[in-house]
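So the structure is just underneath, and the comments pick up after that.
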Amino acid sequence: MALGVTPRNCRNALAHLSAEQGRNLTVCGPLRLRPTACESASMITPAAVPRATYRLQLNKDFGFAEALALVPYLGRLGISHLYLSPILRARAGSTHGYDTVEHREINPELGTLDDFRRLATVAREREMGIILDFVPNHMGIGGTENAYWLDVLKLGQGSRYAHWFDIDWTPADTSLSGKVLVPVLGCSYGEALEQGRLVLKFSADTNSFAIWVDDANLLPLDPKTYPASVEVDAINADKVRLDQLVKQQHWRVARYSVAVDDINYRRFFIVNELAGIRIEEADVFDHTHALIFQLIDEGLVDGLRIDHIDGLRDPKAYVTKLREKSPRPIYLVVEKILAPHEQLRADWGVDGTTGYEFSAHLTTLGSDPAGEVGLSRAYEDLTDERRAFTEIELEAKLTIIDTEMGAELDRIATLARAIAEGKNATSDLTRNGLRNAIRVLVAHMPVYRSYVDGDGSSEIDRRNVGVALLEARRDAPTLDPAVFDFLADLIADPAEQDGLEFVLRLQQFTGPVMAKGLEDTALYRDNRMIALNDVGERPDRLNIGVAAFHDFNATRLAQFPHAMLTTSSHDTKRGEDTRARILTLSGNTDAWKAAVDEWTALLGPAAEGITRNELWYFFQMLVGAWPTEFPETGELPPAALDQFRQRLQAAMQKSVREARVNSSWTKPNESYETALTGLMDAALADTPDNGFLAAFRLFAAGIGEQGARIGLAQVVLKLTAPGVPDIYQGAELWEQSMVDPDNRRPVDFVARWQMLDNADAPLDIANWRDGSVKLQVIERLLRLRSDDPELFAQGSYEPVAAGDHIVAFLRRREGQSLLAAVALHPWIAPEGELKLPEALASTQWQDAFTGAASVPDSAALAALSVAVWRSV
């Protein structure tokens, strides 16, 4: 049973939660909850910095009413702020909300503005605030819902909204001059025309004409080309006339694959249905932020998470303007993926990132460096993949540029050629030579982007670009060195070279190449340890060490003490506990290698059609995502097993398509994907003769508790380290999601509430299977954060020397102290003295989980692999 799936489930949950809340709550309609006196409730301004956030993914089945029902539960858990996915009007049926079509309206599928106000009011009465996810980079287009985009298609450059979107009206392809490419056809334009998939229609409601594509996409006609309404049927019957009418418009409809070479508007990555907007334009900024600022002004919203900050033309200028124009101070974090050596820019004036880099550090901590050699050898022996990850990454980036983003590269190369042509010293540099040089330069960028602006480039930017140029020169020795010299000068001082437009567009290009090349391709090709293959991570860094983790936390405390700390999100490719279970393989390398060999043999013909690399990947996914509630032996629950099989099949299909080796999104390999489905059907057949499943369940049982202990270690570090911890929806129990959309599936909040009722029971790792021990640890540490918020928000961070496989640290403020310690690798007994400062020699300590007097000792880690003490 999952809250939000059906009205009946929702009503049952509301009744349970309402009784606990102890106040008069009334169910209004099938899925609406309203406090009877909330309309006159006063708004109390909360603390500026959240104590702990809880991320909720809203959609048509889980809107404001369902979120409202959770307020008492989340308050009891210890959450200070609801952290909501985008709430502005998105495309109908959107499962995520990142495809905004109208910034001035609340998404009606989530509820009304008054519904949101009720949610904020009830949350405030429980001393909880709200943080919203906001999308300034792009809007959803296609279909019929974005009136601004449709006006541009209708009137072209004459539209009052033409400057809203980042459109190249004079592209190299002259057939698109003054037009916008609309790549929505599943076949060629000629085939669509002949098959009647393009149909002229007249709307009496709007007194307008449009071409409808497959009855799904509306392409409005320029009024200057309107035919007489009586001619509609005749034109549809005459393909020559229909073709002539289509070619008079400000748009060109084409097969979806044409976008690779000819797309002439900036997109979110390579998604044709998400068009980049020019948020740097004053009227666009004001329009898109009007409702958000209203909600902030009313005291309903306390903070913003800015989606895809690197997509913007000038991120620093944007966040500066956001701070200046916000009606009151807010908590502000940005979604920014940092390279391992990279720091968030200190002059942006934000509170930090959403925390991908913290998650990356935690994951590498859980990986045992002693297992690296064995793990690498086993992977190489099975798959014959021996290349360095940097080589795999470079190949993937070039593949993305060549097969998915050629049009964007062409546009940038054309700008570079125009600049070069204007000066005698560089006039001989050809467009093709510049294109080739930019291609390899972008592929070698060590960060998502640089931040060169009208003030020039910083030392950090020059260093990152310099590294890329050095590598590009080495990898492209046949290119004229003068081309790279020209690009180096242009990027270093664009204003002097009249090249600012070129540099700004180049910077908006490098991010998508990194995202699609590294995150969505290379991380599905190098599969040695896929727990490390996630957003903000690199699989070639198996373990960074405890000292690096301490340095990372100390730096965050000094620079961004209120940045978010995350371990799971809607973007992570695997849930935090899926990764934790996979990490156990680093401590069981011999058993893992033997298991892979045995499983491959047991699967026999079912595994023969699958590459060894993706078979290795599949086995890891199975280990990580195998539901902890499944029994170790005996019959498996048929319905739950079938649901898991479907989830796994969807995740594996996406994984092989993202890898772009044996299948892809643009050219699916049906025979290979059929073989992959057959593999999973064979592997998960719960029959007496399935030797693989029996052997796998035995292995999964052996690593189960180890994975749970790593999961608890991650929780304790997240809830005690400097920053604002975020809990992704449902992750108070084991979070074993696979890649999206699996991580957005409904959550059983009723079960979680029932467990929370028993959270005061003694902690016992023997209960690890149902996840209750994780929820107990979270609840007790959030209670601790609530009791002394200043200690966690402002307290020092002091590493404590301990054993080789232990990480421990102190947080201190004004006489109050907290000591956290975790054993990183459960297959190794925690040993080593916790060496506290002499100043704390006489301090009396209390176990934060039990409340009992306790002396800090690493021996305490044997029970749960985690321990927290507070001074008394």
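Backbone phi angles across the range 593-599, fed through the Karplus curve with coefficients 6.51, -1.76 and 1.60 (θ = phi - 60°), yield HN-Hα couplings of 4, 5, 5, 4, 4, 5, 5 Hz in residue order; Gly and Pro are listed as x. Relative to its residue count, the range 137-274 spans a Cα convex hull of 106 Å³ per residue. Note on Ala862 and Thr687: with the Förster distance fixed at 30 Å, the Cβ-Cβ geometry gives a FRET efficiency of about 0.15. A compact globular protein would have a Cα radius of gyration near 2.2 N^0.38 Å; the ratio found for the range 692-807 is 1.22.
In the range 438-547, the convex hull through the Cα atoms has an average projected area of 8.4 nm², a quarter of its surface area. Normalised by residue number, the volume inside the convex hull of the Cα atoms of the range 636-729 is 166 Å³ per residue.
Per-residue Karplus couplings for the range 243-251, computed as 6.51 cos²θ - 1.76 cosθ + 1.60 with θ equal to phi - 60°, are listed in order as 4, 4, 5, 4, 6, 8, 8, 8, 9 Hz, Gly and Pro entered as x.
Kindly give Rg over Rh for the range 223-367, based on alpha-carbon atoms, with the Kirkwood expression for the hydrodynamic radius. In the range 223-367, Rg relative to Rh is 1.17. Rolling a 1.4 Å probe over the protein heavy atoms leaves Lys60 with an accessible area of roughly 120 Å².
Each principal axis of the Cα cloud of the range 285-351 was evaluated for its coordinate range; sorted largest first, these ranges are 40, 21, 18 Å. Split the accessible area of the chain by element, probe 1.4 Å, and carbon with sulfur accounts for 50%.
Taking N as the residue count of the range 224-277, its C-alpha radius of gyration divided by 2.2 N^0.38 Å amounts to 1.51.
Say R0 is 45 Å: what FRET efficiency, to the nearest 0.05, do Val271 and Asp757 get from their beta-carbon distance? Taking R0 as 45 Å, the efficiency between Val271 and Asp757 is 0.55. The angle between the Cα long axis of helix 500-514 and the longest principal axis of the Cα atoms of the chain comes to about 50 degrees, rounded to the nearest 10.
Between Val855 and Lys321, full extension at 0.36 nm per residue minus the direct alpha carbon distance yields a gain of 187.1 nm. Measuring how big the range 392-454 is from its alpha-carbon positions, Rg and Dmax come out at 13.0, 39 Å. Once you've got the Cα coordinates, tell me which of Lys154/Lys325; Lys201/Lys224; Lys336/Lys397; Lys154/Lys654; Lys154/Lys516 are over 24 Å apart. Over 24 Å Cα-Cα: Lys154/Lys325; Lys154/Lys654; Lys154/Lys516. Extending 7 Å from Cα along the Cβ direction at Lys201 and again at Trp665 yields two label points whose distance is 2.7 nm.
Any chance you could tell me what percent of the C-alpha pair distances in the range 203-297 go past 21 Å? Result for the distance tail: 53 percent. Rg/Rh for the range 443-487 (Cα atoms only, Rh after Kirkwood) is 1.00. How big is the C-alpha Rg of the chain next to the rule-of-thumb value 2.2 N^0.38 Å, as a ratio? So the Cα radius of gyration is 0.98 times the expected 2.2 N^0.38 Å.
Enter the angle in degrees (range 0 to 90, nearest 10) between the Cα long axis of helix 670-683 and the first principal axis of the Cα atoms of the chain, meaning the one along which they spread out most. The helix 670-683 is inclined about 20 degrees to the chain. Per-residue extension of 0.36 nm, minus the Cα-Cα distance of Ser376 and Ser796, leaves a gain of 147.3 nm for this segment. Only helices enter the 222 nm calculation for the chain: every DSSP H run of n ≥ 4 contributes -39,500 (n - 2.57), and dividing by all residues gives -13000 deg cm²/dmol, rounded to 500. In the context of the full set of protein chains, the chain has a per residue accessible area of 37 Å² (1.4 Å probe).
The heavy atoms of Val442 present about 0 square angstrom of accessible area, all protein chains included, probe 1.4 Å. Length gain on complete extension for the stretch Ser208 to Arg463, per 0.36 nm per residue less the alpha carbon to alpha carbon distance? This chain segment gains 86.3 nm when fully extended.
Within the same chain, lysines fewer than 8 places from Lys423 are excluded, and of the rest, none has a Cα less than 19 Å from its Cα.
Is the C-alpha gyration tensor of the range 756-821 telling us rounded, prolate or oblate? Criteria: a/c under 1.5 is rounded; beyond that, a/b larger than b/c is prolate, otherwise oblate. Cα axes put the range 756-821 in the oblate bin. Counted over all Cα-Cα pairs of the range 190-244, pairs farther apart than 18 Å make up 25 percent.
Using only alpha-carbon positions in the range 754-863, the gyration tensor eigenvalues give semi-axes of 24, 20, 12 Å once each is multiplied by 5 and square-rooted (largest first). Ranking Ile460, Ile270 from most to least accessible surface, computed with a 1.4 Å probe over the protein chains only, gives Ile460, Ile270.
When the Cα atoms of the range 470-621 are aligned to their principal axes, the ranges along those axes come out at 66, 45, 28 Å in descending order. Between the Cα long axis of helix 7-21 and the first principal axis of the chain there is an angle of about 50°, rounded to the nearest 10. The relative contact order of the range 722-866 comes to 18 percent, based on Cα pairs under 8 Å that sit 6 or more residues apart. Where both bridge residues fall in the chain, DSSP classifies roughly 60% of the beta bridges as antiparallel.
Hydrodynamic estimate: the Kirkwood radius of the range 572-683 over Cα pairs, inserted into Stokes-Einstein at 25 °C and 0.890 mPa s, corresponds to D of 164 µm²/s. Return the distance in nm (one decimal) between the two label points of a simple spin-label model at Gln157 and Arg541, each offset 7 Å from Cα along Cα→Cβ. Computed distance between label sites Gln157 and Arg541 equals 4.7 nm. Each residue of the range 379-384 was assigned a 3J(HN,Hα) from its phi angle through the Karplus curve 6.51 cos²θ - 1.76 cosθ + 1.60 (θ = phi - 60°); the sequence is 5, 5, 5, 6, 9, 6 Hz, with glycine and proline shown as x. Put simply, when 757-766, 557-566, 175-184 are sorted by average Cβ atoms within 10 angstrom per residue, most first, you get 557-566, 175-184, 757-766. Estimated at the nearest 10 Å², the accessible area of Asp205 is 150 Å² with a 1.4 Å probe. Share of pairwise Cα-Cα distances greater than 19 Å in the range 241-312 is 58 percent (whole percent).
Measuring r between the beta carbons of Glu421 and Gln646 and using R0 = 56 Å, the FRET efficiency lands at 0.50. Considering the range 91-143 at the alpha-carbon level, its Rg and Dmax are found to be 13.1, 41 Å. Straight-line cross-link partners of Lys774 among the lysines, defined as a Cα under 25 Å from its Cα and at least 8 positions apart when in the same chain: Lys573, Lys718. Its Kirkwood hydrodynamic radius, worked out from the mean inverse distance over all distinct Cα pairs, puts the range 304-424 at 18.9 Å. Between Asp498 and Arg744, the simple spin-label model (points 7 angstrom out along Cα→Cβ) gives 4.6 nm.
Looking at the range 266-397, the DSSP beta bridges with both ends there are about 25 percent antiparallel.
Over the range 81-186, the hull volume per residue, using the convex hull of the C-alpha atoms, is 122 Å³.
The values are calculated or read from the model by the stated rules, or taken from the named source; none is laboratory data. Because the structure is a prediction, the values reported are computed rather than measured. All Cβ positions, glycine included, derive from the backbone under ideal geometry; neighbour counts span all protein chains shown. Keep in mind that these areas ignore ligands, DNA and RNA; they rest on the heavy atoms of the full protein, side chains included. Shrake-Rupley method; radii C 1.70, N 1.55, O 1.52, S 1.80 Å.
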